[in-house]
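Reading through the structure tokens given below for one structure.
The values are calculated or read from the model by the stated rules, or taken from the named source; none is laboratory data. All values reported here derive from a predicted model rather than from experimental measurement. Cβ placement follows ideal geometry from the backbone for every residue including glycine, while neighbour counts extend to all protein chains displayed. Please note that ligands, DNA and RNA were not included when accessible areas were found on the heavy atoms of the full protein model with its side chains. Shrake-Rupley method; radii C 1.70, N 1.55, O 1.52, S 1.80 Å.
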Amino acid sequence: MKIRTLLLTSAVAALLATLGGGIIVWLAVAAAADASAEEEHAQEASRETANLLVLTQEYVLHFEPRAAQQWQQRQAALALILAGGHESPALQSLRRTNGDLPQVFDRLLELPGSPDSPLKTRRQEFLVDELLTATQILADGAYRWAREASATQMEAERRSQHYGMAAFALVVALLLAQALLVMRRVLGPVARLGRATAAVERGDLNMRLKGHTEDELGELNRSFNAMTESLAQRTAQLDREIALRAESEARVRSIITNAPDAFISIDEEGRIDEWNRQAELTFGWQRDEVLGQLLSDLLIPPGMRAGHNAGMKHFVRTGVGPVINNRLEVNALHRDGHEIPVQLSIAAMKNGDTYTANAFLHDISGRRAAQERLSASEKRLRDITNNVPVIISYIDADHRLQFVNETFHEWMGVAPGDAVGRKLIEVVGPVLHSQRRHNIDRALKGERVVFEVESEMRGQLRCLQNVYIPDVRPDGTVAGLYAVASDVTALKQVERRLNELARIDTLTSLPNRRQLEEKLDQAVKRSRRSGRPLAVLFLDIDHFKQINDKHGHGVGDEVLKEFAVRLVHCVRSTDTVARLAGDEFVIVLEGLNDSAEAQIVARKIGQALGPAFGEAAGGLALSSSIGVAFVDAGTKVTPEQIIAKADEALYRAKRAGRATFAVTEWSSDDLAP
Ligand SMILES: Nc1nc2c(ncn2[C@@H]2O[C@H](COP(=O)(O)OP(=O)(O)OP(=O)(O)O)[C@@H](O)[C@H]2O)c(=O)[nH]1
């Protein structure tokens, strides 16, 4: 049952009981009052009857009229008294007795004052006696009535007291029962709830109440449990959030403390309220020294303070300013008075109606010095690149020129300002571009390329040695290429000359062994292509050693020179006459029809040597032995094999007595594989 219903029911019961008890008590009290009034009435009647009896006795002694009058008045008053009161047999008897008295008294009055006869005397005595008896009876009756009324009144009073006590006891009992009920059903659970609430207040959110009755306290218990459960969850959630926030704050503080940049925050008055470790390192002030100090006094150079303070005033009100949310480079004061270049980032923080600021300051002294060093280095590099006689350029992956030096300007006639940013083909033209395109592509694929190319630049043919170096990013992709082009035209000419010299016999100006090998190789290939045979004649001056020995090496040299000239005259211009070494010469005859033609040439040489040599050559007559190797167009032999065959034939000619020639006989073993 609901407590409210229970309390209401018990209250109604108590009320009804109290009401009933009250009515009973009231009735008892009323009865007692009634009995009391009756008792007073009876007492009064008793007193009056007693007085009447006294008056009667006085009257019957003297029979005075005044006494008679008083008796009558008293009797009438008694009649009036007896007329009231509760009807009862005793009262009715008293009324009757009192009502009979006047007749007796009147008869007594009717008697003369002094009886004059015994009869009268007797009659008077009889009437007196009757009157006294009746009055005495009346007095006795009134007395009894008074006693009875007094007993009745006492009984009524006692009863009313009993009823009052009983009602009081009932009310007390009911109140006690109700109190017990309240204690059992309300105060106990409320006390437990109070203890549980106190426990919750102390922070014990695991407190749960047992006893899930269906009354209000049961509901309250459930609500309390739900509330503590919710509180526990909410508290746990809050704890987690607080922990997360604390962790986040700790992280932020750690980041700020250990930030590589100086972190400074200022309040709306421009006073410092945060100063991290890097700020200490950068500006030389310790955190404890600067907290509460004006930023402008510590960090702003004197010349900038007025502007700073004006800007601060505006910023504090509006949250905006030229330095807010911008990255600027400014100068700040170090503790020792020197200025430090710093990169400044400021964020505004709204704080009620005003704004405060958080600033990160990064000391860029090192960077600035590095920039200056870099600029100087770049300038030096530019000076160098502009003054070296090579083209230095950078071509990006899109084939656009991103750098060219002054030499490029000089050779190509395009100023760096007109070349940078444009496609290479637009700057150098399609011809030069096509000469380089393949190698550019190779370099852009990551290959270091070195190549030579001859290009006409501003009407001048230049032989350029190019080095393309790929610009490889850390991830392996190629951003572009560095191109270095050196003009090796002069070098090439020297090289060509050296090459020629290396392939020419300096004494006779004939091709030497090296050039002979090249020319023979080409001749063999031509022979195969043309199908025309060729022949190689291997010549050696007979007894040349003796010329040297007899006439000296100078004469020997002259002999060799004139010998060479005579050989050249014996062959066609398309043939090759070469000096191998010492007095050994080789002639390559091309475009032959058969071996007979080679033999004809051999004989012709023999005849050409017949006349005496010039004066410088000592006027000598000499001869030569010749080995002839005839090579048909279809014969697959190598130049070395041909030379060897000719040498072999020469040996045979020497053996045959010199001043003659011998022709090679090829066997199948001689064929090249
Ligand atoms: N003057 C001169 N002599 C040279 C030169 N080169 C080699 N000789 C000499 O040429 C000579 C060659 O002699 P050989 O061919 O071996 O002998 P030879 O006397 O010709 O005898 P045969 O060849 O058997 O007839 C050597 O004495 C070399 O010193 C040169 O450039 N100038």
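Side notes on the structure shown:
- Filter result for Gly218 (under 27 Å from Ile3 (Cα atoms) and part of a loop (DSSP other than H, G, I, E, B)): no
- Across the stretch 580-602, the number of residues qualifying as surrounded by 15 or more Cβ atoms within 10 Å (Cβ to Cβ), in a loop (DSSP other than H, G, I, E, B) and within 16 Å of the ligand (Cβ to nearest atom) comes to 1.
- Pick from the stretch 615-668, criterion more than 16 Å from the ligand (Cβ to nearest atom) and assigned to a helix (DSSP H, G or I), ranking: most open to solvent (accessible area, probe 1.4 Å): Glu640
- Scanning the stretch 240-285 for residues that are of a type in the set (Asp, Glu), over 30 Å from Arg317 (Cβ atoms) and open to solvent by 90 Å² or more (accessible area, probe 1.4 Å) yields one hit, Glu247.
- Asp583 vs. criteria modelled with pLDDT of 95 or more and in contact with a helix residue (DSSP H, G or I) (Cβ under 6 Å, 6 or more places away or on another chain): yes
- Flag if Ser455 is over 49 Å from the mean Cα position of the chain (by Cα), more than 23 Å from Arg382 (Cβ to Cβ) and open to solvent by 60 Å² or more (accessible area, probe 1.4 Å): no
- Of all residues making up the stretch 394-438, the number that are of a type in the set (Gly, Ala, Ser) and under 21 Å from Pro470 (Cα atoms): 4
- Candidates Gln237, Gln278, filtered to the one that is out of contact with any Gly (no Cβ under 8 Å at 6 or more places or on another chain), over 22 Å from Ile346 (Cβ atoms), polar (S, T, N, Q) and at pLDDT below 95: Gln237
- Meeting the requirement of 3 or more residues that are under 19 Å from Gly610 (Cα atoms), the helices (runs of 4 or more DSSP H) wholly within the stretch 469-576 are 544-570.
- Filtered residues of the stretch 419-460 (kept if of a type in the set (A, V, I, L, M) and not in a strand (DSSP E or B)): Ala419, Val420, Leu424, Ile425, Val427, Val428, Val431, Leu432, Ile440, Ala443, Leu444
- Number of the condition not met by His551 [criteria: (1) within 16 Å of the ligand (Cβ to nearest atom); (2) closer than 20 Å to Gln641 by Cβ; (3) open to solvent by 20 Å² or more (accessible area, probe 1.4 Å)]: (2)
- For Thr56, the conditions (1) farther than 20 Å from Ser160 by Cα; (2) open to solvent by 40 Å² or more (accessible area, probe 1.4 Å); (3) among the β-branched types (Val, Ile, Thr) are fulfilled apart from (2).
- Single residue of Ala347, Ala310, Ala332 found to be open to solvent by less than 80 Å² (accessible area, probe 1.4 Å) and over 27 Å from Arg287 (Cβ atoms): Ala310
- Condition met for Val571 (surrounded by 15 or more Cβ atoms within 10 Å (Cβ to Cβ), under 18 Å from Leu516 (Cα atoms), away from the ligand (no atom under 14 Å from the Cβ) and at pLDDT 95 or above): yes
- Number of residues in the stretch 294-307 that are surrounded by fewer than 16 Cβ atoms within 10 Å (Cβ to Cβ) and either in a loop (DSSP other than H, G, I, E, B) or touching a strand residue (DSSP E or B) at 6+ places or on another chain (Cβ under 9 Å) (or both): the value is 2.
- Pairs where the first residue, in the stretch 91-102, is among the acidic types (Asp, Glu) and the second is open to solvent by less than 70 Å² (accessible area, probe 1.4 Å), C-beta under 8 Å, 6+ apart: Asp100/Ala134
- Sole exception among (1) farther than 20 Å from Asp261 by Cβ; (2) outside the structural domain of Asp471 (by TED's automatic domain parsing); (3) not acidic (Asp, Glu) for Arg335, by number: (1)
- Residues located in the stretch 603-614, provided they are in contact (Cβ under 8 Å) with a residue 40 or more places away in the chain, more than 15 Å from the ligand (Cβ to nearest atom) and open to solvent by 40 Å² or more (accessible area, probe 1.4 Å): Arg603
- Residues within the stretch 168-212 that are touching a residue at least 12 places away in the same chain (Cβ under 8 Å) and either open to solvent by less than 60 Å² (accessible area, probe 1.4 Å) or part of a loop (DSSP other than H, G, I, E, B) (or both), tallied: 17
- Condition met for Glu558 (surrounded by fewer than 17 Cβ atoms within 10 Å (Cβ to Cβ) and not polar (S, T, N, Q)): no
- In the set (1) open to solvent by 60 Å² or more (accessible area, probe 1.4 Å); (2) of a type outside the set (Phe, Trp, Tyr); (3) within 30 Å of Leu19 (Cβ to Cβ), Ser160 fails one condition alone, (1).
- The selection criterion, being at pLDDT 90 or above, surrounded by fewer than 19 Cβ atoms within 10 Å (Cβ to Cβ) and of a type outside the set (D, E, K, R), does not hold for Ile392.
- Meets criteria (touching a helix residue (DSSP H, G or I) at 6+ places or on another chain (Cβ under 7 Å) and at pLDDT below 85) for Ala146: yes
- Long-range neighbours under 6 Å by Cβ, at least six apart or interchain, first residue farther than 16 Å from Leu580 by Cα within the stretch 554-568, second away from the ligand (no atom under 15 Å from the Cβ): Arg566/Ala608
- Qualifying position, being among the acidic types (Asp, Glu) and part of a helix (DSSP H, G or I), among Asp116, Asp100: Asp100
- Residues of the stretch 19-49 classified as of a type in the set (Lys, Arg) and farther than 29 Å from Ala139 by Cα, total: 0
For every residue, the table says whether it meets (1) within 12 Å of the ligand (Cβ to nearest atom); (2) open to solvent by less than 30 Å² (accessible area, probe 1.4 Å); (3) closer than 15 Å to Asp583 by Cα; (4) among the aromatic types (Phe, Trp, Tyr).
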residue: Val494; (1), (2), (3), (4): no, no, no, no
residue: Ile504; (1), (2), (3), (4): no, no, no, no
residue: Glu518; (1), (2), (3), (4): no, no, no, no
residue: Gln522; (1), (2), (3), (4): no, no, no, no
residue: Arg526; (1), (2), (3), (4): no, no, no, no
residue: Arg529; (1), (2), (3), (4): no, no, no, no
residue: Arg532; (1), (2), (3), (4): no, no, no, no
residue: Phe538; (1), (2), (3), (4): yes, yes, yes, yes
residue: Asp542; (1), (2), (3), (4): yes, yes, yes, no
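- So Ala232, is it of a type in the set (A, V, I, L, M, F, W, C) and outside the structural domain of Pro322 (by TED's automatic domain parsing): yes
- Yes/no for Glu155 being in a helix (DSSP H, G or I), outside the structural domain of Pro65 (by TED's automatic domain parsing) and acidic (Asp, Glu): no
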